[in-house]
Every structure is written in structure tokens, then in C-alpha cells.
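A short worksheet on the structure shown next.
The values are calculated or read from the model by the stated rules, or taken from the named source; none is laboratory data. Note that this is a predicted model, so its numbers are computed, not measured. Virtual Cβ from ideal backbone geometry, glycine too; neighbours counted across all protein chains shown.
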Amino acid sequence: KNEVEQSPQNLTAQEGEFITINCSYSVGISALHWLQQHPGGGIVSLFMLSSGKKKHGRLIATINIQEKHSSLHITASHPRDSAVYICAVVNTGNQFYFGTGTSLTVIP
Amino acid sequence: DAGVIQSPRHEVTEMGQEVTLRCKPISGHDYLFWYRQTMMRGLELLIYFNNNVPIDDSGMPEDRFSAKMPNASFSTLKIQPSEPRDSAVYFCASSFTQGNYGYTFGSGTRLTVV
């Protein structure tokens, strides 16, 4: 059983579309992270959330602690957003769990 | 700052050899993490340090793996002896206050054990 489940696994969108990636988890957490892994392999930390919502440019991340669910939204998607997006949670015992990632392809 | 620096970028070694991966975190960051990524298992946390002290090494697969952080600017991950199933990309990341402000990842070391 995976402590972190992401959906969808793969997503293809047209440039300009609004995109949502979902993350559900089963453990009590102290924090949730969204990571972006570029096709070249580099990993970038996008957000750390423990409650509410954060926004950075065209990216918005939300978390609902009661429902154990987080979403990553991309507005006005662009081909350079094509990447694998990984959800990671840190439980209250400081253990890390990772989702398997959502592979996003944005077509011009 | 040049970011988190890992070396080497690529390593090919024969089964049974010792492998040492190196990481230089961002100056001022007090947490350092070692991750492994494979197609089969995805991203896994191996070990992390706070102020040079190992905090949680429960992700280290077995005794063949060891990690050290002799000072705030340097860490090593050693595999001895290496096995083909250790082939993976190993990432190092650092953060300030356990990621409250996000993590900075290195470019990774792609290890191939033949």
C-alpha cells in the first residue's frame, strides 16, 4: 500500500489549458512538498505546505488536512511546464513518503 | 551561491568495487538529504542530517551503504561493495529548517554498476 497516491499518472494538455494534479495521503503529516523534475533529470522544490494555499506565478498548491488531499494547479500551461511532478509528505515522525509522480506533457 | 554541488555526475563501476558520492550543500543550510531514484521504486529518502548529525537513516538499504557529514560543507555516500541493483540516480539536497523554505537539489549522480 502506498502512503502517497498521485493522479493522474500521465497527463497531456494543450498549451493554455488549466491543469490539476492530485495527491492523496494516508498518514498524519507535518508537511507536504511538491517537486518538479525536468526532462533532463534536475529536481526543483516548488512548494512546502502545512495548511491552506500557496501561489507562485502560474502555480497554485492547496492542501486539505482533514481530507488528506493536496492539489497542484497550473494556470495557462506552457510547454516548458512539461515535467514530472512529485508529491512528498513528511509524517509526524519525520519520515518521508513519495508519490510516484505525474508526468505532464504540454503540447504547443 | 552555486547551489548544491554533487560529484561525480556519472559513475560506472564494476560490481564489488567501492563507490563514493560527494555533496556540497548550500552554505548556511542546516539540513542535508540523500535520495535515490530508480524507475522501479521512484524517489526514496536514504538518510538525512541536521547540523552534520545523522537524524534518520532508516532508508539506507543495507550495511553496504554508509553516509558521513564531517563538516557543514561536505557529505559523502559510500557503497561498499557495490552491486548492479545499486544502479540509480543519487540526489543530494539541502535546506534551511527542514524544508520550510523548500529544498535545493543537486544535479544528481547517475551510478551504473556493471
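Any chance the range B:62-75 includes a residue that's hydrophobic (A, V, I, L, M, F, W, C), away from chain A (no Cβ under 14 Å) and either in contact (Cβ under 8 Å) with a residue 40 or more places away in the chain or not in a strand (DSSP E or B) (or both)? Among the residues of the range B:62-75, at least one is hydrophobic (A, V, I, L, M, F, W, C), away from chain A (no Cβ under 14 Å) and either in contact (Cβ under 8 Å) with a residue 40 or more places away in the chain or not in a strand (DSSP E or B) (or both), which makes the answer yes.
Among B:R110, B:R36, which is in contact (Cβ under 8 Å) with a residue 60 or more places away in the chain, of a type in the set (K, R) and closer than 16 Å to A:G42 by Cα?
Details: B:R36 fails: in contact (Cβ under 8 Å) with a residue 60 or more places away in the chain.
The conditions single out B:R110.
When residues of the range A:85-100 are filtered for being facing another protein chain (nearest Cβ under 10 Å) and crowded, with 22+ Cβ neighbours inside 10 Å, how many remain? Residues meeting the conditions: 5. Considering the conditions (1) away from chain B (no Cβ under 14 Å); (2) surrounded by fewer than 18 Cβ atoms within 10 Å (Cβ to Cβ), A:K54 is excluded by exactly one of them, (1). B:S27 meets the conditions (1) part of a loop (DSSP other than H, G, I, E, B); (2) touching a His at 6+ places or on another chain (Cβ under 7 Å) in every case but one. The failed one is (2).
Within the range A:40-52, residues that are on the phi > 0 side of the Ramachandran plot sit with their Cβ atoms under 9 Å from residues that are of a type in the set (K, R), at 6+ positions apart or across chains, in these pairs: A:G41/B:R110. Here A:I86 fulfils each of the conditions (1) under 24 Å from B:R110 (Cβ atoms); (2) touching an Asp or Glu at 6+ places or on another chain (Cβ under 9 Å); (3) at pLDDT 95 or above apart from (2).
Each residue in the range B:1-24 was checked for being at pLDDT 95 or above and outside any strand (DSSP E or B), and 8 of them qualify.
Just to confirm my filter: which strands (runs of 3 or more DSSP E) fall fully inside the range A:1-104 and include at least 1 residues that are in contact with a Phe, Trp or Tyr (Cβ under 6 Å, 6 or more places away or on another chain) and aliphatic (A, V, I, L, M)?
Details: elements: A:4-7, A:10-14, A:19-25, A:29-37, A:43-49, A:52-56, A:59-64, A:69-74, A:83-91, A:96-98.
Correct list: A:4-7, A:19-25, A:43-49, A:59-64, A:69-74, A:83-91.
Just so you know, in the range B:76-114 the residues that are aliphatic (A, V, I, L, M) and more than 8 Å from chain A (Cβ to nearest Cβ) include one that is farthest from the chain's Cα centre (by Cα), and it is B:V114. Of everything listed in (1) under 27 Å from A:N2 (Cα atoms); (2) touching a residue at least 60 places away in the same chain (Cβ under 8 Å); (3) within 12 Å of another protein chain (Cβ to nearest Cβ), the single unmet condition for B:L45 is (2).
Quick grid of which residues meet (1) at pLDDT 95 or above; (2) aliphatic (A, V, I, L, M); (3) surrounded by 16 or more Cβ atoms within 10 Å (Cβ to Cβ):
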| site | (1), (2), (3) |
| --- | --- |
| B:M39 | no, yes, no |
| B:S58 | no, no, no |
| B:A67 | yes, yes, yes |
| B:I79 | yes, yes, yes |
| B:C92 | yes, no, yes |
